[in-house]
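Novice: Here it is: the structure, laid out below.
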Amino acid sequence: MTVEEYNKSVDLYSDGIFRFILKNIKDEDEAKDVVQDTYEKLWIRAGEVSFQKVKSYLFSAAYHTMIDKIRKNKRITNLTDFNDNLGTYTDSYTGLSEVLDEALKQLPEVQRSVILLRDYEGYAYNEIAEITDLSESQVKVYIYRGRLALKKYIGSIEALV
């Protein structure tokens with residue numbers, strides 16, 4: 001990868017990576033750090049990564065960097081805590097976006113990540129599998145379970161509007 005291609009990858013993908021990480025960890029400074037660490041890793045391995053594969057490499061590296069930071073800070077959501085919080089949203093309606101963000105916070109890390117990659121970033125199942133080091137069938141299962149949990153948490157859309 002040339003310096004021009006590296007700079008082009010920054011222009012093309014840094015915003016998307018930042019949005020993806022920010023949706024997961026909800027801390028703007030941490031998200032900026034993850035993006036910076038990701039591009040540092042790309043710079044170190046620039047000779048090994050082709051420009052055609054750079055988007056997949058960046059999202060995969062960002063995902064793994066984010067997971068490492070979460071584990072380091074011990075903020076992994078416990079599944080039992082998640083089950084206790086299902087269906088307990090009691091605040092008045094403040095906007096569909098806020099309700100969805102709150103529902104996404106309740107999901108386990110893996111489910112939240114695959115849903116964000118699929119529904120927010122538009123990745124295909126096989127690309128998500130490559131980014132997260134899961135099998136394609138595991139990705140589909142996590143997306144299905146995450147969507148069910150979101151549906152249960154939010155309830156019907158008519159109740160919100």
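Novice: Hey, could you check segment 57-82 for residues that are in a helix (DSSP H, G or I) and among the basic types (Lys, Arg) and say which is modelled with the highest pLDDT? Can you show your working first?
Specialist: Step one: list which residues in segment 57-82 are in a helix (DSSP H, G or I), which gives 57-73, 79-82.
Imposing the further condition that a residue be among the basic types (Lys, Arg) reduces the set to 69, 71-72.
On the way: 69: 82, 71: 77, 72: 77.
Looking at residues that are in a helix (DSSP H, G or I) and among the basic types (Lys, Arg), I get 69.
Novice: Modelled with pLDDT of 55 or more and within 19 Å of residue 25 (Cβ to Cβ): which single residue out of 148, 160, 96, 104 fits that description?
Specialist: Values: 148 fails: within 19 Å of residue 25 (Cβ to Cβ); 160 fails: within 19 Å of residue 25 (Cβ to Cβ); 96 fails: within 19 Å of residue 25 (Cβ to Cβ).
None of the other options fit; the residue is 104.
Novice: A further question on this structure: Test residue 124 against the stated conditions and say whether it is buried (at least 18 other Cβ atoms within 10 Å of the Cβ), aliphatic (A, V, I, L, M) and modelled with pLDDT of 85 or more.
Specialist: On the way: buried (at least 18 other Cβ atoms within 10 Å of the Cβ): no; aliphatic (A, V, I, L, M): yes; modelled with pLDDT of 85 or more: yes.
The answer is no for residue 124.
The values are calculated or read from the model by the stated rules, or taken from the named source; none is laboratory data. Because the structure is a prediction, the values reported are computed rather than measured. A quick note on method: Cβ atoms are made from the backbone with ideal geometry, for glycine too, and the neighbour counts reach across all protein chains shown.
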